[in-house]
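Structure, as structure tokens:
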Amino acid sequence: MLLGVHAAAEAIGAREIAPRDAREGDVVLIAQEEAAPALAMRARHACVAASFGRLLIVCDPVVLAAWRTG
């Protein structure tokens, strides 16, 4: 999955950054308990993702990878 995410990010012109450098507006790949990793958008104090019609707000996520667009 991670290789597919890297390829998709590259296709839209995003560049990879260190997970610890992710800030508001960056795209991140977060780990989830008992579920596959999810793509999310970094917000001010959390990460927000959509999963099967639900909105996930993760306050202290484990960020596996991060990308910045623009």
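The values are calculated or read from the model by the stated rules, or taken from the named source; none is laboratory data. Only a predicted model underlies this, so the values are computations on that prediction, with no experimental measurement involved. Positions of Cβ are backbone-derived with ideal geometry, glycine not excepted, and every protein chain shown enters the neighbour counts. For the accessible areas, the whole protein counts, side chains as well, though only heavy atoms, and no ligand, DNA or RNA atoms are used. Shrake-Rupley method; radii C 1.70, N 1.55, O 1.52, S 1.80 Å.
Checking each residue in the range 1-24 for being modelled with pLDDT of 85 or more and open to solvent by less than 40 Å² (accessible area, probe 1.4 Å) picks out Ala14, Ile17, Ala18, Ala22. Of the strands (runs of 3 or more DSSP E) lying entirely inside the range 4-70, the ones with 1 or more residues being without any contact (Cβ under 8 Å) to a residue 40 or more places away in the chain are found at 27-32, 35-42, 47-51, 54-58.
Among the numbered conditions (1) of a type in the set (Asp, Glu); (2) loosely packed, with under 10 Cβ neighbours inside 10 Å; (3) touching a helix residue (DSSP H, G or I) at 6+ places or on another chain (Cβ under 8 Å), the only one that Asp60 does not meet is (3).
So, in the range 38-47, of the ones that are open to solvent by less than 50 Å² (accessible area, probe 1.4 Å) and more than 17 Å from Ile17 (Cβ to Cβ), which residue ends up modelled with the highest pLDDT?
Just the residues of the range 38-47 that are open to solvent by less than 50 Å² (accessible area, probe 1.4 Å), to begin with: 38, 40, 43, 46-47.
If we keep only those that are more than 17 Å from Ile17 (Cβ to Cβ) as well, we get 38, 46.
Working: Ala38: 84, Ala46: 89.
My answer is Ala46.
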